[in-house]
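Heads up, the thing below is written out as structure tokens.
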There are 2 protein chains.
Amino acid sequence: MTTVDHLRQVRLGNLRTVLLALVDRPGSRADLAARTGLTKATLSNLTEPLLAGGILVEEPATLVGMGRPSKPLRFHPAGPVAVGAEINVSHLAVETLGLDGETLERRLVPADMRRIPADEVLDRIAGLIREVTGGSERRLLGVGLAIPGVVHDGAIVRAPNLPELVGTRLAEGLGERTGLDVQLDNEANLAALAHLWPRHLAGEDFVHVTADVGIGAGVVLNGEVYRGVSGFAGELGHVVIERNGIRCTCGSRGCVERYAGLDVILREAGRRRLDSLRRALEAGDPKAAEAVRKAGEALGVGIATLMNLFDVPTVVLGGSYAVLYDHLREAVQSEMDGRVLAGGERHTRLLASPLGEFAVVRGAAGLITRRAVQQPERLFA
Amino acid sequence: MTTVDHLRQVRLGNLRTVLLALVDRPGSRADLAARTGLTKATLSNLTEPLLAGGILVEEPATLVGMGRPSKPLRFHPAGPVAVGAEINVSHLAVETLGLDGETLERRLVPADMRRIPADEVLDRIAGLIREVTGGSERRLLGVGLAIPGVVHDGAIVRAPNLPELVGTRLAEGLGERTGLDVQLDNEANLAALAHLWPRHLAGEDFVHVTADVGIGAGVVLNGEVYRGVSGFAGELGHVVIERNGIRCTCGSRGCVERYAGLDVILREAGRRRLDSLRRALEAGDPKAAEAVRKAGEALGVGIATLMNLFDVPTVVLGGSYAVLYDHLREAVQSEMDGRVLAGGERHTRLLASPLGEFAVVRGAAGLITRRAVQQPERLFA
DNA sequence: CTCATTCGTTCAATGCTTGAACTTAGTGCG
DNA sequence: CGCACTAAGTTCAAGCATTGAACGAATGAG
């Protein structure tokens with residue numbers, strides 16, 4: 001690594017700083033200089049190739065106040081685009097996202113994926129991606145691919161609800177079909193990322209908790225999704241809350257999942273689908289409300305344990321839990337207040353995710369735009 | 001930040017790399033160049049001020065093999081020294097540590113600290129430090145101070161066993177008394193650090209678990225001690241294993257601490273002190289063995305939960321747990337095997353700490369030597 | 001003594017940010 | 001209309017740690 005290489009790293013680091021500022025909001029060279037702490041000279045220098053490369057555009061001067069009018073820079077409306085894709089138990093989804101954080105297109109196709117072989121799943125995802133990107137000439141930065149399973153070194157090592165996928169190398173398969181670079185990650189991690197990038201919902205470290213068949217937590221530490229040594233981090237569903245409790249498919253006993261999983265809630269409420277449960281809750285069905293409240297208690301105990309270990313101040317409930325938030329909140333918050341050690345010092349914040357059913361695909365696309373910003377050399381490839 | 005500043009950062013980074021290599025083991029300039037990936041030219045350049053400043057010494061040439069003999073560099077035997085200090089419920093301890101990782105002096109003074117006002121505690125610690133460092137002319141890099149409590153922004157925000165200390169600013173007080181820079185941290189974090197620096201016991205991420213009155217876990221992620229947003233991370237003692245279990249002083253129910261705390265083990269075994277329990281175990285007392293085994297079960301459940309959240313592969317049992325290791329191991333390992341999700345993929349390793357009762361002070365001193373190596377500019381101050 | 005071998009030193013070349021000076025492009029006022 | 005004023009954006013020389021190649025130093029083998 002020569003000194004020249006080091007200086008190039010410095011340049012790339014500054015480029016990243018500038019792009020991060022632009023993700024936050026557009027701004028003139030002078031404005032960006034003020035926001036990043038760099039000088040105007042450096043900003044002229046750094047933005048020149050971004051403008052030439054079609055990553056940024058210079059807007060016409062805005063005529064306000066005295067002095068030479070500034071010409072704001074923003075991400076080029078025909079600039080590069082990231083693709084997010086999600087393979088899940090009951091649906092496929094695809095979304096495209098610009099570097100400015102604006103969603104361009106989305107598709108969500110309900111379909112039972114449990115018995116479909118990996119090759120066919122990939123064909124269908126690739127088809128959806130073509131549909132969504134077909135009409136546009138914009139350069140594609142890559143695909144983020146979300147799956148309900150544990151990913152380690154690009155391979156799926158665990159996927160209790162989509163066992164057909166275990167051991168397959170989905171990223172390579174989809175890469176061949178689309179000609180794009182594909183990044184594979186767990187849906188819980190990506191849902192958390194969607195709340196962090198491109199706009200930070202909580203403003204600080206948080207845990208994002210979702211329920212589908214299992215319960216997954218995406219943990220954000222120091223502004224980064226924490227994945228653990230082998231991708232198993234944040235397995236909130238298998239936190240034990242009653243050590244001699246109900247036997248779990250994982251071999252343990254008393255896992256949170258056995259008390260607060262969506263399947264458990266639906267069964268206790270005597271419902272088949274989340275929609276039906278929601279309608280029952282809205283209609284004031286006491287059995288449904290009680291089922292959700294009990295799940296909230298168990299979930300709150302698990303979350304309290306998680307907070308005592310990670311010391312994060314904020315919990316975001318997403319997925320089905322966001323739908324049930326109004327009926328979950330009280331029980332969860334009560335267990336948190338009673339059990340989290342740091343609770344006295346500063347409050348433990350509980351939020352509902354505003355992102356809805358597109359949180360995971362959005363995070364998957366965000367994985368790609370984030371990488372492009374953090375490694376700006378990719379924008380010039 | 002001018003380019004010149006950036007280049008200075010590069011130099012400091014390289015200096016750090018070289019010092020890290022030297023902590024590992026001594027070596028000639030050529031050897032260090034090979035180990036760090038830098039060039040011989042850079043090594044001559046970087047080591048020159050370290051030799052001039054008395055941080056390193058050049059040994060006489062070693063005459064082995066062909067070619068010009070190499071002159072190994074090592075930390076100067078009269079070079080700077082770090083002080084570790086520990087304030088605990090039943091003892092005070094002090095240790096001095098060289099940059100080479102060698103312990104120079106230690107003192108452990110049993111004493112009940114529970115009613116002693118902070119000022120007197122500081123006087124006694126300062127006295128011990130003077131005793132231990134008095135005879136030497138070596139420069140003191142600073143003091144690492146360990147306390148059984150939660151530290152946030154240099155202040156003690158929680159110390160259930162030494163309530164007199166809450167709210168006091170110990171670092172300032174000790175700094176005034178010794179004229180040294182004092183760094184305050186939690187004993188669980190420092191015990192973990194002692195297993196990571198200057199020699200890495202586990203070789204990868206791990207959790208270090210100790211029991212005194214409470215149960216504390218020091219979590220090492222990516223080679224760094226993870227402290228959380230406000231210093232409360234790793235509160236394993238208050239992980240819930242039976243949500244309707246025994247009421248805990250923290251306000252929760254069923255905390256691990258209530259089943260696996262040292263006080264609980266002693267009570268169940270009908271003993272007063274750890275020594276007595278150990279002798280009973282060695283003598284084959286079945287009541288003692290059963291008390292330890294039961295604690296091991298509870299501890300194992302808590303550790304399994306911790307591993308499912310952090311995804312660390314290794315657990316190190318320290319403090320009293322290290323003493324009881326032979327009688328704890330089986331129960332802990334069994335719960336871990338049955339409950340940790342990643343357990344099937346790669347084994348979960350359980351180790352006993354070899355550091356004994358000086359683990360915490362050693363970590364406290366290590367905090368200072370580590371900082372000196374990571375911020376080499378401090379060595380020239 | 002000479003050659004081979006390895007250790008350690010010397011030295012010119014390299015390139016990105018900076019801050020000051022400068023140019024550009026507007027507004028405001030007489 | 002013209003001149004002072006203001007702010008945006010551009011130009012340019014200066015500054016420094018690493019590098020790689022060439023060189024000097026120190027020893028063993030023959």
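The values are calculated or read from the model by the stated rules, or taken from the named source; none is laboratory data. Note that the structure is a prediction, hence the values are computed from the model and not measured. Every residue, glycine as well, gets a Cβ built from its backbone with ideal geometry; the counts of neighbours run over all protein chains shown. The area values use the complete protein model at the heavy-atom level, side chains included, leaving out ligands, DNA and RNA. Shrake-Rupley method; radii C 1.70, N 1.55, O 1.52, S 1.80 Å.
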Filtered trypsin sites (Lys or Arg not before Pro), segment A:279-381: DSSP coil and at most 16 other beta carbons within 10 Å: A:Arg346
Buried on assembly, segment B:207-246 (at least 20 Å² less accessible surface than by itself, 1.4 Å probe): B:Leu221, B:Tyr226, B:Val229, B:Ser230, B:Phe232, B:Glu235, B:His238, B:Val239, B:Val240, B:Ile241, B:Glu242, B:Arg243
Size of electric dipole in segment A:3-75: Cβ of Lys, Arg +1 and of Asp, Glu -1, about Cα centre, debye, nearest 20: 100
Distance in nm between pseudo-label sites at A:Leu20 and A:Ser276 (7 Å out along the Cβ direction from Cα): 4.9
Set of aspartates and glutamates near B:Lys40 by C-alpha distance (under 15 Å), chain-local residues within fewer than 8 positions excluded: B:Asp31, B:Glu48
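Given Cβ point charges of +1 (Lys, Arg) and -1 (Asp, Glu) and nothing else, what value in debye, to the nearest 20, does the dipole of chain B about its Cα centre take? Before the final figure, lay out the partial values.
Details: 44 positive and 46 negative charges, 73 e Å.
Magnitude of the dipole: close to 360 debye.
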Distance between segment A:300-369 and segment B:283-330 - C-alpha centres, whole angstrom: 31
Among B:Pro160, B:Ala188, A:Asn161 the positive-end extreme of the charge dipole of the protein assembly as shown (Cβ point charges): B:Ala188
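In whole percent, how big is the carbon plus sulfur part of the accessible area of the protein assembly as shown, probe 1.4 Å, protein atoms only?
Result for the protein assembly as shown: 49 percent of the exposed heavy-atom area is carbon or sulfur.
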Mean separation of Cα contacts under 8 Å, 6 or more apart, over the residue count of segment B:210-281: relative contact order %: 25
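So how much accessible surface do A and B hide from each other in total, probe 1.4 Å, in square angstrom to the nearest 100? Could you put the intermediate results ahead of the total?
On the way: alone 18030 and 18030 Å², together 32070 Å².
Roughly 4000 Å² of accessible surface disappears when A and B pair.
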Euclidean distance between Cα centres, segment A:99-142 to segment B:207-271, Å: 46
5 angstrom amide H check on A:Leu184, placed H, neighbours 5+ away: A:Leu145
Probe 1.4 Å, accessible area per residue of segment A:281-331, Å²: 31
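Write down the percent of antiparallel bridges among all DSSP beta bridges whose residues are both part of segment A:202-353, to the nearest 5.
Details: 11 of 19 bridges.
Restricted to segment A:202-353, the bridges split so that about 60 percent are antiparallel.
First measure r as the distance between the Cβ atoms of A:Phe380 and A:Glu164, then evaluate 1/(1 + (r/R0)^6) with R0 = 41 Å and state the FRET efficiency to the nearest 0.05. Each step should come with its number before you reach the end.
Working: r = 39 Å, r/R0 = 0.95.
Efficiency for this residue pair is about 0.60.
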Kyte-Doolittle at least 1.6, axis length at least 24 Å by Cα - qualifying DSSP helices, chain A: none
Among beta bridges that DSSP assigns inside segment B:138-209, antiparallel share in %, nearest 5: 40
Simple Cβ-charge dipole of segment A:202-353, Lys/Arg +1 and Asp/Glu -1, about Cα centre, in debye nearest 20: 540
P(r), alpha carbons of the protein assembly as shown - 20 Å bins starting at zero, rounded %: 15, 42, 35, 8, 0
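Of all DSSP beta bridges in the protein assembly as shown, what percent run antiparallel (nearest 5)?
Working: 67 of 105 bridges.
Counting DSSP beta bridges with both partners in the protein assembly as shown, the antiparallel share is about 65 percent.
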MRE, 222 nm, helices only [DSSP H, n ≥ 4, -39500 (n - 2.57), over chain B, to nearest 500]: -13000 deg cm²/dmol
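What relative contact order, as a whole-number percentage, does chain A give when Cα pairs under 8 Å and 6 or more residues apart are counted? Before the final figure, lay out each step's value.
Working: 734 pairs, mean separation 60.8, N = 381.
Answer for chain A is 16 percent.
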Dimensions (Å) - chain A, Cα atoms, principal axes, largest first: 68, 52, 48
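As an exercise, use a Förster radius of 22 Å and the Cβ-Cβ distance of A:Arg8 and B:Asn45 to find the FRET efficiency, rounded to the nearest 0.05. Provide the component values of the computation, followed by the final result.
Details: r = 21 Å, r/R0 = 0.97.
Between A:Arg8 and B:Asn45 the formula returns 0.55.
What percent do you get for the relative contact order of segment A:3-75 when only Cα pairs under 8 Å and 6+ apart count? Can you show the working numbers first?
Details: 69 pairs, mean separation 21.9, N = 73.
For segment A:3-75, the relative contact order is 30 percent.
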